[in-house]
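K.L.:
Mind having a look at this structure? Questions to follow.
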């Protein structure tokens, strides 16, 4: 497993819950940094569609995600039968973080796992 | 609405055979592709992307049939994406409902209150009788009523405006507030499952069915109205669109039967 965290950016295209200026500033920073990353229009849509991309992302090793609340992201993945690996996932919450803080976490900080710990498992899909 | 197709997966390709893009060009291209509902991999390795977008040289290893050559400016890039989408049978952009419940199984106690409450058949149980979201398309946009009746704040709507329903951390204060807001059992006048069992027995006669229908409608209206008054976020159209008393009775019985079956002891237990 590659130890370098992969980056996933959610554009929350179909609702206005992420501040436009924050998400665009983060996307722009990722583009200008020249790093490799995955960008999705809306994680909720991929979850609703049980899109196989979520399985690839969940099973591919360390992952930093720019999206919304860690609890929501955790269960959006789990709902597709592809739970995130708690020890290898950090969610940067663009609903509350500033763009600068988000970019710092995504591009410069070490991975700090922050999914809520828990006991639950979703039913088999 | 079909949710069986995956989103269109695109590689913003800058590997061998393509020029490096400037940060600004990447940003503008990404924004356009994301607005079209695409998933985009910005990498030298295109992975399993169905379509490659890039500023390709004359000779490249990109598959010609699935290649969009930059620069393509709005609206031509968007149009080209739509053409590619049709070719690879990817999901149409925007053809899904961004409002559906997501269950936090760390909190869910499988109490079936949401299943009993929802008249739209959103919830069901799996083979192990564990609650699951089965018909998310039936969910009424902007209505968080089921999350309000959940005593454990275990139902999320990620697009909701406020916590903990939007996925924010659940505090003790939230739990207390949720309990104060709605106790569906109390709203139904006691133990909900006893009441539902009682209703099933009564439903054996036509007279009882009619009586139950009226009662079921009144209960749901009372509950939804109370929820609306407390949280002011049940859309009026949801309140106005309640089905007929007969239909409510049928759906309530259906939901109650599912909940009863899920909660009944296993034969070998």
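The values are calculated or read from the model by the stated rules, or taken from the named source; none is laboratory data. All values reported here derive from a predicted model rather than from experimental measurement. Methodologically, a virtual Cβ is constructed for each residue, glycine included, from the backbone with ideal geometry; neighbour enumeration extends over all protein chains shown.
K.L.:
In the range A:29-52, which residues are over 23 Å from residue A:112 (Cα atoms), part of a helix (DSSP H, G or I) and within 13 Å of the chain's Cα centre (by Cα)? Show your work before the answer.
P.N.:
So in the range A:29-52, the residues over 23 Å from residue A:112 (Cα atoms) come out as A:32, A:41-42, A:44-52.
Add one more test, that the residue is part of a helix (DSSP H, G or I), and what stays is A:32, A:44-48, A:52.
Selection gives A:44, A:46, A:47.
K.L.:
Let me ask something additional. So for the range A:13-20 (the condition being buried (at least 18 other Cβ atoms within 10 Å of the Cβ) and at pLDDT 95 or above), does at least one residue qualify?
P.N.:
no
K.L.:
Any chance you could count how many residues in the range A:10-24 are part of a helix (DSSP H, G or I), touching a residue at least 60 places away in the same chain (Cβ under 8 Å) and either facing chain B (nearest Cβ under 9 Å) or more than 16 Å from the chain's Cα centre (by Cα) (or both)?
P.N.:
So the first thing to find is which residues in the range A:10-24 are part of a helix (DSSP H, G or I), and the list is A:20-24.
Checking which are touching a residue at least 60 places away in the same chain (Cβ under 8 Å) leaves us with A:21-23.
Within this subset, residues satisfying the condition of being either facing chain B (nearest Cβ under 9 Å) or more than 16 Å from the chain's Cα centre (by Cα) (or both) are A:21.
Here the count works out to 1.
K.L.:
Report yes if residue A:106 is assigned to a loop (DSSP other than H, G, I, E, B), in contact with a strand residue (DSSP E or B) (Cβ under 8 Å, 6 or more places away or on another chain) and more than 10 Å from every other protein chain (Cβ to nearest Cβ), otherwise no. Reasoning before the result, please.
P.N.:
Numbers: assigned to a loop (DSSP other than H, G, I, E, B): no; in contact with a strand residue (DSSP E or B) (Cβ under 8 Å, 6 or more places away or on another chain): yes; more than 10 Å from every other protein chain (Cβ to nearest Cβ): yes.
The answer is no for residue A:106.
K.L.:
Going residue by residue through the range B:39-59, is there one that turns out to be assigned to a loop (DSSP other than H, G, I, E, B), within 14 Å of chain A (Cβ to nearest Cβ), within 25 Å of the chain's Cα centre (by Cα) and modelled with pLDDT of 90 or more? Walk me through how you get there before you give the answer.
P.N.:
Quick first cut of the range B:39-59, residues assigned to a loop (DSSP other than H, G, I, E, B) only: B:44-50, B:55, B:57-59.
With the extra rule that they be within 14 Å of chain A (Cβ to nearest Cβ), the set shrinks to B:44-50.
Next cut, within 25 Å of the chain's Cα centre (by Cα) only: none.
Within the range B:39-59, not a single residue is assigned to a loop (DSSP other than H, G, I, E, B), within 14 Å of chain A (Cβ to nearest Cβ), within 25 Å of the chain's Cα centre (by Cα) and modelled with pLDDT of 90 or more.
K.L.:
Here is a follow-up. Got a sec? Which of A:76, A:30, A:7 is within 20 Å of residue B:46 (Cα to Cα), buried (at least 23 other Cβ atoms within 10 Å of the Cβ) and at the interface with chain B (Cβ under 10 Å from one of its Cβ atoms)? If you could, list the steps in order and put the result at the bottom.
P.N.:
Details: A:76 fails: within 20 Å of residue B:46 (Cα to Cα); A:7 fails: buried (at least 23 other Cβ atoms within 10 Å of the Cβ).
After applying the criteria, what remains is A:30.
K.L.:
In addition: I need a count of the residues in the range A:63-72 that are within 11 Å of chain B (Cβ to nearest Cβ), more than 16 Å from residue A:22 (Cβ to Cβ) and in contact (Cβ under 8 Å) with a residue 12 or more places away in the chain.
P.N.:
Going residue by residue through the range A:63-72, those that are within 11 Å of chain B (Cβ to nearest Cβ) are A:67-72.
From what's left, more than 16 Å from residue A:22 (Cβ to Cβ): A:70-72.
If we keep only those that are in contact (Cβ under 8 Å) with a residue 12 or more places away in the chain as well, we get A:70-71.
Residues flagged as within 11 Å of chain B (Cβ to nearest Cβ), more than 16 Å from residue A:22 (Cβ to Cβ) and in contact (Cβ under 8 Å) with a residue 12 or more places away in the chain within the range A:63-72 amount to 2.
K.L.:
Restricting to the range B:105-138, name every residue that is more than 13 Å from the chain's Cα centre (by Cα), at the interface with chain A (Cβ under 8 Å from one of its Cβ atoms) and not in a strand (DSSP E or B).
P.N.:
B:105, B:106, B:107, B:108, B:126, B:127, B:128, B:130
K.L.:
Restricting the range B:144-168 to residues that are assigned to a helix (DSSP H, G or I) and in contact with a helix residue (DSSP H, G or I) (Cβ under 6 Å, 6 or more places away or on another chain), which is nearest to the other protein chains (Cβ to nearest Cβ)? Write out each step before concluding.
P.N.:
Residues of the range B:144-168 that are assigned to a helix (DSSP H, G or I), as a first pass: B:145-149.
Okay, now just the ones that are also in contact with a helix residue (DSSP H, G or I) (Cβ under 6 Å, 6 or more places away or on another chain), so B:145-146, B:148-149.
On the way: B:145: 19, B:146: 15, B:148: 17, B:149: 18 Å.
That would be B:146.
K.L.:
The conditions are (1) surrounded by fewer than 16 Cβ atoms within 10 Å (Cβ to Cβ); (2) touching a helix residue (DSSP H, G or I) at 6+ places or on another chain (Cβ under 9 Å); (3) at pLDDT 95 or above, and residue A:96 fails exactly one of them. Which is it?
P.N.:
Against the list (1) surrounded by fewer than 16 Cβ atoms within 10 Å (Cβ to Cβ); (2) touching a helix residue (DSSP H, G or I) at 6+ places or on another chain (Cβ under 9 Å); (3) at pLDDT 95 or above, residue A:96 comes up short only on (2).
K.L.:
Those residues that are part of a loop (DSSP other than H, G, I, E, B) and either within 8 Å of chain A (Cβ to nearest Cβ) or crowded, with 20+ Cβ neighbours inside 10 Å (or both), I need them from the range B:21-37; list them, please. Walk me through it before giving the result.
P.N.:
Within the range B:21-37, the subset part of a loop (DSSP other than H, G, I, E, B) is B:21-22, B:36-37.
Of everything in the range B:21-37, those that are part of a loop (DSSP other than H, G, I, E, B) and either within 8 Å of chain A (Cβ to nearest Cβ) or crowded, with 20+ Cβ neighbours inside 10 Å (or both) turn out to be B:21, B:36, B:37.
The rows are residues; the columns are (1) buried (at least 18 other Cβ atoms within 10 Å of the Cβ); (2) within 19 Å of residue B:159 (Cα to Cα).
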position: B:90; (1), (2): yes, no
position: B:95; (1), (2): no, yes
position: B:122; (1), (2): yes, yes
position: B:127; (1), (2): no, no
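K.L.:
In the range A:53-62, which residue that is away from chain B (no Cβ under 13 Å) and assigned to a loop (DSSP other than H, G, I, E, B) is nearest to the chain's Cα centre (by Cα)? Lay out the reasoning, then the answer.
P.N.:
Within the range A:53-62, the first condition is being away from chain B (no Cβ under 13 Å), and the residues that meet it are A:58-59, A:61-62.
With the extra rule that they be assigned to a loop (DSSP other than H, G, I, E, B), the set shrinks to A:59, A:61-62.
On the way: A:59: 13, A:61: 13, A:62: 11 Å.
Checking each candidate, the answer is A:62.
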